[in-house]
1. Between Thr137, Thr111, which is in contact with a Ser or Thr (Cβ under 8 Å, 6 or more places away or on another chain) and closer than 14 Å to Gly50 by Cβ?
2. Filter the range 125-150 for residues that are assigned to a strand (DSSP E or B) and open to solvent by 40 Å² or more (accessible area, probe 1.4 Å) and give the result.
3. Quick one: Ala99 ticks every box in (1) surrounded by fewer than 11 Cβ atoms within 10 Å (Cβ to Cβ); (2) in contact with a strand residue (DSSP E or B) (Cβ under 9 Å, 6 or more places away or on another chain) except a single one, so which number is it?
4. Identify, by number, the condition in (1) farther than 16 Å from Asp141 by Cβ; (2) in contact (Cβ under 8 Å) with a residue 60 or more places away in the chain; (3) in contact with a Pro (Cβ under 6 Å, 6 or more places away or on another chain) that Pro121 doesn't meet.
5. Which one is nearest to Val112 (Cα to Cα) among residues in the range 37-67 that are open to solvent by 50 Å² or more (accessible area, probe 1.4 Å), in a strand (DSSP E or B) and not β-branched (Val, Ile, Thr)?
6. Kindly list the number of the only condition in (1) in contact with a helix residue (DSSP H, G or I) (Cβ under 9 Å, 6 or more places away or on another chain); (2) closer than 17 Å to Lys143 by Cα that fails for Ser48.
Amino acid sequence: MSRRIAVSVAAGAALLVGAGAYALAYAGDQPPALTHSTAHYTAPTGDSAGSLTFTTDVTASSGVKSVKVLAWPKHSSLAHKKLTAKDMTAAETATCKPAAKHTLHCAYTTTVTPTDAAKSPRGAWHIAVLAEAKNGTTTLDDKAADFTVR
């Protein structure tokens, strides 16, 4: 092999290795991704409690540290203010289980008593989700899923 070809091959290999390292480093800094988010609300009947269940899949290449969930009525003060990660600090924590290599299936369920339902605004509600990866990146989706209180 001629010297020119050997130098060209070596330079090309170095470029590919550098590009691969950059791609891996960049992929590690990606924020968590939320997919398949759903909410299901069951109203209480008589003396029997109802429930609110939210599920989502969270993917983060560095791993998922936490997932916080907040239900909020469409016609509330939150509708006029953009939610922040700080707003979500007191939100409830979802329970997560492994679903794939870098993905967790997360669920949050709460009981809705007849008293809770009577005090809750009727109409559309949203579920806000704050997912934090182990590398510190976050994703906040203030309308990850919707449900209706009748």
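1. On the way: Thr137 fails: closer than 14 Å to Gly50 by Cβ.
Testing whether each residue is in contact with a Ser or Thr (Cβ under 8 Å, 6 or more places away or on another chain) and closer than 14 Å to Gly50 by Cβ leaves just Thr111.
2. Taking the range 125-150 and keeping what is assigned to a strand (DSSP E or B), we get 125-133, 138-149.
Matches in the range 125-150: Glu132, Thr138, Leu140, Asp141, Lys143, Asp146, Thr148.
3. Unmet for Ala99, out of (1) surrounded by fewer than 11 Cβ atoms within 10 Å (Cβ to Cβ); (2) in contact with a strand residue (DSSP E or B) (Cβ under 9 Å, 6 or more places away or on another chain): (1).
4. That leaves (2) as the condition not met.
5. Restricting to residues being open to solvent by 50 Å² or more (accessible area, probe 1.4 Å), in a strand (DSSP E or B) and not β-branched (Val, Ile, Thr), the top hit is Ser48.
6. All conditions pass for Ser48, except number (2).
The values are calculated or read from the model by the stated rules, or taken from the named source; none is laboratory data. Keep in mind it's a predicted model, so treat the numbers as computed, not measured. Every residue, glycine among them, receives a Cβ derived from its backbone with ideal geometry; neighbour counts consider all protein chains shown. Quick note on the areas: whole protein, heavy atoms, side chains included, nothing else; ligands and nucleic acids left out. Shrake-Rupley method; radii C 1.70, N 1.55, O 1.52, S 1.80 Å.
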